[in-house]
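*Asks:* Quick one: the structure is below, and I'll ask about it shortly.
The values are calculated or read from the model by the stated rules, or taken from the named source; none is laboratory data. Keep in mind it's a predicted model, so treat the numbers as computed, not measured. Note that each Cβ is placed from the backbone with ideal geometry, even for glycine, and that neighbours are counted across all protein chains shown. Remember, those area values only see protein heavy atoms, side chains included, never the ligands or the DNA or RNA. Shrake-Rupley method; radii C 1.70, N 1.55, O 1.52, S 1.80 Å.
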Amino acid sequence: MTTPVPVDPLLLRMTLRIEHDIFLVRQRGREVAAAVGLEHQDQVRLATALSEVARDLLGVAGGADVTFVAVLHQPGPPSLRVDLAPLRPLPDGRYEPRSGAVARLVDMLGVVDRRGDTVVRMSRRVPPSASALTPERLAELRAQLGRTAPGSALDELALQNQQLVAALDEVRSQRDELAVLNEELQETNRGVLALYNQLTEELEETNRGVVALYAELDEKSAQLRSASEAKSRFLANVSHELRAPVTAIIGLTRLLADSASDPLTAEQTRQVGLVRSSATDLLSLVNELLDLTKAESGRLEPDWAEVDLRAVFGQLRGTLRALAKPGVELVVEEPPAPGTLRSDEVLLAQVLRNLLHNGLKFTERGEVRLRAEVREGWWRLSVSDTGIGIDPEQHERIFEEFYQVPGSSRPGGTGLGLPYARRVVRLLGGTLELDSEPGRGSTFRAILPTGGA
Ligand code: ADP
């Protein structure tokens, strides 16, 4: 058994024959639209579309039968449908409203086939709030529509005028709203522009600050550079100026003590000896200062050549052995074959001599050892001793100029040997490391590339 499809209820039927009927169709159309719950605007839209189509059909088809149906049982939302069945067939079975804008007043406007007849149909969706069109309500509507007597053409005209005024009002209020919005937009634009200008200004201000800061920084580093150069120049000049007189003093003391000169008293001999040893200390200080300033100012250029470590070690062994105190042994190991590296022989020997000298100076018992080994393509030349050692806190400080660990100073020390050694090792492409513990001794290690810097 199939359930019968419910029929959409017919709300009103009327005929369009004469000019006056156009007003009636319009008027009733609005009433039906209001009755099914269309909003005021939509009522006017539907009524206007209806009167336009009615006028057209009166012209081309001599009139039409008009039916209003509440479409409730079709797929989609409920709507109000108006069919206008023309009295005479439409030319070519087609219909185009004279004004194209009419189609926009409703949801659908067009020609359809209704059970073999061509009808012009328009429909407008009913809002959800009005969708409670129960059969009882519809019956009531039908009765109500049947009861209301159509007004005169004049009434309809007056109503139409009212609607026009209302529409004009609405247009005006929309225009006012638009003007307000425009004003607000301009205000916002002005605000954004002001903000943008402010930000740009702040950015420029910051940029100016940064630029000034950089300029100051440049100036400061230039000042620093020139101060450091001035210091080096001063040290170099003073050392240079001192070297000649000090050498002369040493020569004089040697002359005075010479057996070929007039004999001196014992006291004079002692005093001349003191002068000579002080002058010798001064000369070594002057020489070290000169070396260091030369290395610092970048004027020290290594003389690169193939250096035979065995020869260097042999020479050091020979010259330094005499400095070892009783109870301290100087051990210079044989470097492993082939024992060569690309370096500056004089500078390398100077660094090793310096380190060995320190080892011998700060070791009272045990040994000072020089060893060479190759590890991962690098020479490791280490000078280790069993001397007093150095507190870890002092490990970096002893590489500063003139720094001596408090309480450790020995005669003839200047505090310039290690900073110079580190600079030279760097110049030769390597690094100078230190392992040391107080009381257990120290190891200074020069790590140098086998192939030169
Ligand atoms: P100098 O030896 O002329 O004082 P250096 O720059 O060679 O200057 O050394 C700085 C200081 O580092 C030394 O005064 C000493 O305190 C410490 N020092 C250097 N070598 C050793 C070492 N082998 N053992 C212990 N202390 C050392």
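*Asks:* In segment 288-316, what residues are free of Cβ contacts under 8 Å to residues at least 40 places away in the same chain, surrounded by 14 or more Cβ atoms within 10 Å (Cβ to Cβ) and among the charged types (D, E, K, R)?
*Replies:* Of everything in segment 288-316, those that are free of Cβ contacts under 8 Å to residues at least 40 places away in the same chain, surrounded by 14 or more Cβ atoms within 10 Å (Cβ to Cβ) and among the charged types (D, E, K, R) turn out to be Asp308, Arg310.
*Asks:* Just give me the residues in segment 416-447 being assigned to a loop (DSSP other than H, G, I, E, B) and near the ligand (Cβ under 8 Å from one of its atoms), in sequence order.
*Replies:* Step one: of segment 416-447, the residues assigned to a loop (DSSP other than H, G, I, E, B) are 416, 428-430, 438-440.
Within segment 416-447, just Leu416 meets the criteria.
*Asks:* With Pro127, Pro86, Pro135 as the choices, which residue is touching a residue at least 40 places away in the same chain (Cβ under 8 Å) and open to solvent by less than 40 Å² (accessible area, probe 1.4 Å)?
*Replies:* Only one candidate passes the filter, namely Pro127.
*Asks:* Of the residues that make up segment 268-281, is at least one surrounded by 11 or more Cβ atoms within 10 Å (Cβ to Cβ) and touching a residue at least 40 places away in the same chain (Cβ under 8 Å)?
*Replies:* yes
*Asks:* Which residue is most open to solvent (accessible area, probe 1.4 Å), if the candidates are limited to segment 387-410 and must be part of a helix (DSSP H, G or I) and more than 7 Å from the ligand (Cβ to nearest atom)?
*Replies:* Checked segment 387-410; the qualifying residue most open to solvent (accessible area, probe 1.4 Å) is Glu393.
*Asks:* In addition: State all residues of segment 363-386 that are under 24 Å from Gly314 (Cβ atoms) and part of a loop (DSSP other than H, G, I, E, B); if no residue qualifies, say none.
*Replies:* Matches in segment 363-386: Thr363, Thr386.
*Asks:* Is there a residue in segment 3-24 that is crowded, with 17+ Cβ neighbours inside 10 Å and without any contact (Cβ under 8 Å) to a residue 24 or more places away in the chain?
*Replies:* no
*Asks:* For a quick check of your reading of the model, give me the residue pairs whose first member lies in segment 42-65 and is hydroxyl-bearing (Ser, Thr, Tyr), whose second is part of a helix (DSSP H, G or I) and open to solvent by 20 Å² or more (accessible area, probe 1.4 Å), with beta-carbon atoms closer than 7 Å and at least 6 apart or on different chains.
*Replies:* Thr48/Leu105
*Asks:* When segment 349-379 is examined, which residues are found to be open to solvent by less than 50 Å² (accessible area, probe 1.4 Å) and closer than 12 Å to Arg445 by Cα?
*Replies:* Within segment 349-379, Val351, Leu352, Leu355, Leu356, Leu370, Ala372, Trp379 qualify.
*Asks:* On the given criteria, is Gly413 open to solvent by less than 20 Å² (accessible area, probe 1.4 Å) and within 7 Å of the ligand (Cβ to nearest atom)?
*Replies:* no
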